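What follows is a short report on a single structure.
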Amino acid sequence: MKRRFFILIVLLMSVIISFIIFQNRITALVYENSERFLEETAALYADAFKIKLNDQLFILESKAHLFDDVDMNDHEAIRRTVMSLRRMGDFKRIYVADRHGEVMNIAGDTIGNISETDYFKSAMQGEAVSDSYLSTDEEGERVLSLAVPIFRGKKVEGVVTGTFAYSVLENIFSVNTFSGDGYAYLVNDRGRILGASQSDNRLCYSDNWVDFFVENKVLSSSEIEKIRSDIREGKTASMRYKLGNKERIMVYASVGLNNWSVVSIMTADFINAQQRKIVWSTVILIFVLLALFVFVGYLFYRLINQHEKVAKENLRYVTTTRSLKTLVYEYDFASRVIEFSGETAFLFGEKMKQLPLEKFSVVEKYIHESERNLLAHLRDFVASGETSYRSELRLLVGGEYVWYQFSGTLIRDEDSGKPVKMIGNLVNVNAQVLREQEFKEMAETDLLSGLLNKISMENKITDWIARAGESVGAFYILDLDNFKQVNDRIGHSAGDKAICDAANKLNLVFSERDFIARIGGDEFCVFLTLPITLAPEKMQEIIVEKARVLNSILHETYRSGDDVTVSVTSSIGISLFPSQAKTYKELFEHADAALYRVKEHGKNSFALYNEQMKETGESVYG
């Protein structure tokens, strides 16, 4: 009996010791993988931010070329050229400064002098630069300034500058890491925060990341100085630290510009959660059936609640629809007065029975700015000889814009044919218009990725080509290599995550003026539009750099709970408009042939189409 008891004690101690060793090894492995992922995340943010700045500098350089033949000593010539500028990209403001730093905006107004700013001085030395700090513009918004030189031969005659808002920087950090447990900052070597993600786990909400660490005694002064030195020298490094009772991992990676660096941080909560998940996976299996039963019951409960919510929303919708008012109007051409029947306060904020046409601005301010040409349209309608008019416009009601249908019937004099009166009404059609817009968006969008679908992508590019003129672009087709293994070995939920990850990264690399679509299971395409003022070699550089960045950031490893891993890469084919193809079908087929060539030669790369690829490939167009 004693021997059995001794054996039982030994076995129990062995199990406990094995469990502790296993737990420690799993924790070390999760920490190591987490640090590696943070390094990749910091590098991704740094690359995305640098690409964003380079895109904006390319745009400013195209603006600067407009001044190649302008005498920068001729104020009027400068003014005419400045007023021809239009804002592009993410810029909030675009200005031009002469060699003395006198600044003129696109309205032709001289608004100040920037000769003492560092970015102006650098641009006057022939560099395309960004400011090292965020400044505050005349509207009180924090902005980042960029500047490029205006050359006359090899001499710098002035500077084109542009500013974009702090919100643009924040958008770069919109992708959560580790399901929101990770977060990132964009900082300079003095610790000043230029941009940050909005994770709930983020602790530092002050303007200076280093000051926060010093005030809370997180790191020693020597450790702080080492970090600042690494940032200035463009190094990438990691460290662990404690704040309160929580441990965190921090990685910083250089942007390669203005001594800026991306700091990526993750709490130990995620690591501990992963460790517990692995260690206790065996225990969890015992409760799978019970959890499944609870989950089905929860879904049934949610279904009942959702049904009740839908019923309440329908009742609210019916009640709201019945309470909406219709405004009837009558316009007399002789007196030039509009008469209203019914309540006007719900639309225009005040009661009115009559409104002279010359005071139409009283109600015009409630019309959405894109539809304030209503009077011009009505004049064209009267001149056309027609008798029935109908259009839709948005009116500001209760602090938000609501769609109304504006209709009317024109009454003419029987003898002269001249207009006498116009009678009609304003009817709320907001629900109908919003439904139509929603259906249109659903028809054009891939439900999983949120990108355009194949049909809408073809339609949009075809429309763009029809009005392209001398514009240029590049068409990318890309496949996710080994995607099928993700579905087969890890599961379709992991496959769906891989698709969504790829869509988010494509949105990071390309701008809103480009077209991005998911056209198959793991197949995407992108149409990159480029300014026609860029030199051909600069366009080629942009196209190739985008492909390199895609190959880099789309390289991702997915894991299951039982340590099954699949590495996903990307293969990319590229065709050019209009030098290689002038229709969507030609762009698709040529890019597909280039993609086929990449897959023949080992995948995880990109290729630009050439004539030698013409007879190869198996296009999936149509």
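The values are calculated or read from the model by the stated rules, or taken from the named source; none is laboratory data. Everything numeric here is computed off the predicted structure, so don't read it as measured data. Cβ placement follows ideal geometry from the backbone for every residue including glycine, while neighbour counts extend to all protein chains displayed. Just so you know, the surface numbers come from the protein's heavy atoms only, side chains and all, with ligands and any DNA or RNA stripped out. Shrake-Rupley method; radii C 1.70, N 1.55, O 1.52, S 1.80 Å.
The trypsin sites (Lys or Arg not before Pro) of region 495-549 that DSSP puts in a loop, and whose beta carbon has at most 16 other beta carbons within 10 Å, are ARG513. Accessible surface ranking for LYS365, LYS154, LYS246, LYS351, 1.4 angstrom probe, highest first: LYS154, LYS351, LYS365, LYS246.
Applying 0.36 nm per residue to the separation of SER407 and PHE151 and subtracting their alpha-carbon distance, the gain on full extension is 86.6 nm.
Largest accessible area first, the listed residues LYS63, LYS585 line up as LYS585, LYS63 when surface is computed with a 1.4 Å probe on the assembled protein chains.
Rounded if a/c is under 1.5, else prolate if a/b beats b/c, else oblate: with a ≥ b ≥ c from the C-alpha gyration tensor eigenvalues square-rooted, which is region 93-148? Walk me through the numbers before you get to the answer.
Working: a/c = 1.84, a/b = 1.08, b/c = 1.70.
Because a/c hits 1.5 or more and a/b fails to exceed b/c, region 93-148 counts as oblate.
Solvent-accessible area of ILE111, all protein chains in place: 90 Å² (probe radius 1.4 Å, heavy atoms, ligands and nucleic acids excluded).
Which shape class applies to region 530-575: rounded if a/c is under 1.5, otherwise prolate when a/b exceeds b/c and oblate if not, where a ≥ b ≥ c are the square roots of the Cα gyration tensor eigenvalues? Cα axes put region 530-575 in the prolate bin.
Here is the list for region 451-530: GluC sites (Glu not before Pro) lying in DSSP coil, each with at most 16 other C-beta atoms within 10 angstrom of its C-beta, are GLU470, GLU512. Taking a straight Cα-Cα cut-off under 25 Å and skipping sequence neighbours fewer than 8 places away in the same chain, the lysines within cross-link reach of LYS614 are LYS454, LYS546, LYS582, LYS585, LYS599, LYS603. Here SER135 sits with roughly 40 square angstrom of accessible surface, probe radius 1.4 Å.
Summing charges over neighbours of GLU330, with a neighbour being any other residue whose Cβ is under 13 Å away from its Cβ, gives +1 when K and R count +1 and D and E count -1. For LYS497 and LYS242, what does the FRET efficiency come to when R0 = 45 Å and r is the distance between their Cβ atoms, rounded to the nearest 0.05? For R0 = 45 Å, the calculated efficiency reads 0.90. Using heavy atoms of the protein chains and a probe of 1.4 Å, the accessible area assigned to LEU395 is about 10 Å². Were the residues from GLU369 through HIS75 laid out at 0.36 nm apart, the gain over their Cα-Cα distance would be 102.5 nm.
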